[in-house]
Amino acid sequence: MDRRSFLLGSAALGLAPRTAWSQARLLRASVTRQNLVGAAHPATEVWTYHGTVPGPELRFRQGERLRVEVENALPAQTVVHWHGIRLPNAMDGVPGLTQAPVAANGGKFVYEFELPDAGTYWYHPHLGDGEQLARGLYGALVVEERDPPAVDRDLVWILSDWRLDREAALRRDFASAMDASHAGRIGNTVTVNGMVRDTFGVRAGERLRLRLVNASNARIYGLSFEGHQPWVIALDGHPVAPHWFERVVLGPGMRADVILDCTGAPGSAHRVIDDFYRGRAYELLKLEYRAEPRLRDAFEPAPRLAANPVKEPSPGAEPERIVLAGGMMGEMPNQSSHKGVFWTLNGKPLRHDHHDQPPLLSLRLGQSYRIELVNRTAWHHPMHLHGHVFRVLSKNGKEVLPRQWADTVLLDPDSRAEIALVADNPGDWMLHCHVLEHQASGMAAFVRVA
Ligand code: C2O
Ligand code: CU
């Protein structure tokens, strides 16, 4: 195994060299400690891939084959799910549905599949509740374009939040009914690449490609870059017509590729703000310009990425309908017969660990479908489908522009969205809310494609 390649592409190193990435890799999950909050605070006991939060940034080229051996040194069983990748069902990492869990204290499993699409993806456990993710198990999977656009640095920012006590220890309240029936387990400490950061150093005149990943259990981010005009060039890994944005919103599981042109003056500082939750805006970090002279004075428009080989769904056919209900201030399932279950999909409380339940939808292989998702709750739900990507056609009846592909669509409270896809990947695929406490308490269905 080439250990060095794990380290390439990390924030400090800048532009990753264009070499082959497809060597076999070992991913070891274990219990470790990491300082999340800064030197003035104790380190936190975390669960990690390869000893760090986030886990190693895996970089491959489009069309290459990923081969990763997972070794489970955790005191609990686990699996690895490759979020957003269109892969064979047996490699999808869902215990009980696509594989047996990897045993605690030494179990192993080899994941191997091709990477058809370029883009920003990530990997994480899929145990049905959010505990392993909240403890730190996640990492980025970057699939580079065959002909990547020219940028000065290509970087991943994995956003996550933690619920820490005063000693910077992780609070153990993982499956609380309060979180599950409300917005999920939102933490009190936000990290970028596993650290609370005050600043992020940039050079005037450089062009960055920032790959933003939301690896939080439940927190939604609404990021803006003060004094800058960033472009979005890809969403959930897939190219989108480049467009400026004021604020990019990322629900759990979602990604955005951003071109950030560093137009500030040498020596200046600019805030990156997250103001998704009203009245709770905070500064994520400051872009801090070094004193060095400007690298360039003017920027080309953002590059347009080549489309991935995703089949365009054909129009027509009555949409399938999925109704989300439940939660606090909604119609919750009766707690005497469904203890700890707060949500329903089409009237059924669907649990991750009940795969003997029938599929929520049965789709014919190769056929196009429209699906209307109707959120009759007072809460946000990032709904995620495995093994496929879909067009996000509309939200509340309004066409979503520019046209985009996604694997996760964020539904606002009391809203609806229409998506369309070609069911071209056979198997049983999870369709669930990526607020992991919602997933564990009723919002975990699967869709059968056959
Ligand atoms: Cu990112 Cu079903 O998961
Ligand atoms: Cu939800």
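Just so it is clear, none of the values below were taken in a lab; they were calculated from the coordinates. Treat the numbers as computed from the prediction; the structure is a model and nothing was measured. When we count neighbours, we look across all protein chains shown, and the Cβ atoms used for this are built from the backbone with ideal geometry, even at glycine.
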Filter the range 177-198 down to the residues that are of a type outside the set (A, V, I, L, M, F, W, C) and either without any contact (Cβ under 8 Å) to a residue 12 or more places away in the chain or assigned to a strand (DSSP E or B) (or both) and list them by number.
Thr189, Thr191
Looking for whichever is outside any loop (DSSP other than H, G, I, E, B) and free of Cβ contacts under 8 Å to residues at least 40 places away in the same chain here; the options are Glu283, Glu246. Which one fits?
Glu283
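Those residues that are assigned to a strand (DSSP E or B), more than 14 Å from ligand 1 (Cβ to nearest atom) and within 22 Å of His126 (Cβ to Cβ), I need them from the range 363-392; list them, please.
We begin by selecting, within the range 363-392, every residue assigned to a strand (DSSP E or B); these are 363, 368-375, 381-385, 390-392.
When the remaining residues are screened for being more than 14 Å from ligand 1 (Cβ to nearest atom), the result is 363, 368-375, 390-392.
Answer for the range 363-392, where residues must be assigned to a strand (DSSP E or B), more than 14 Å from ligand 1 (Cβ to nearest atom) and within 22 Å of His126 (Cβ to Cβ): Leu363, Ile371, Leu373, Phe390.
Between Asp424, Asp356, Asp428, which is assigned to a loop (DSSP other than H, G, I, E, B), more than 16 Å from ligand 2 (Cβ to nearest atom) and within 24 Å of Ala100 (Cα to Cα)? Quick ask: steps written out before the conclusion?
Working: Asp424 fails: within 24 Å of Ala100 (Cα to Cα); Asp428 fails: assigned to a loop (DSSP other than H, G, I, E, B).
Step by step, each of Asp424, Asp356, Asp428 is checked, and only Asp356 is assigned to a loop (DSSP other than H, G, I, E, B), more than 16 Å from ligand 2 (Cβ to nearest atom) and within 24 Å of Ala100 (Cα to Cα).
Does Pro402 satisfy the criteria of being in contact with a Lys or Arg (Cβ under 6 Å, 6 or more places away or on another chain) and assigned to a loop (DSSP other than H, G, I, E, B)?
Details: in contact with a Lys or Arg (Cβ under 6 Å, 6 or more places away or on another chain): no; assigned to a loop (DSSP other than H, G, I, E, B): yes.
No, not satisfied.
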Just give me the residues in the range 161-172 being more than 21 Å from the chain's Cα centre (by Cα), in contact (Cβ under 8 Å) with a residue 12 or more places away in the chain and assigned to a loop (DSSP other than H, G, I, E, B), in sequence order.
Glu167, Ala168, Ala169
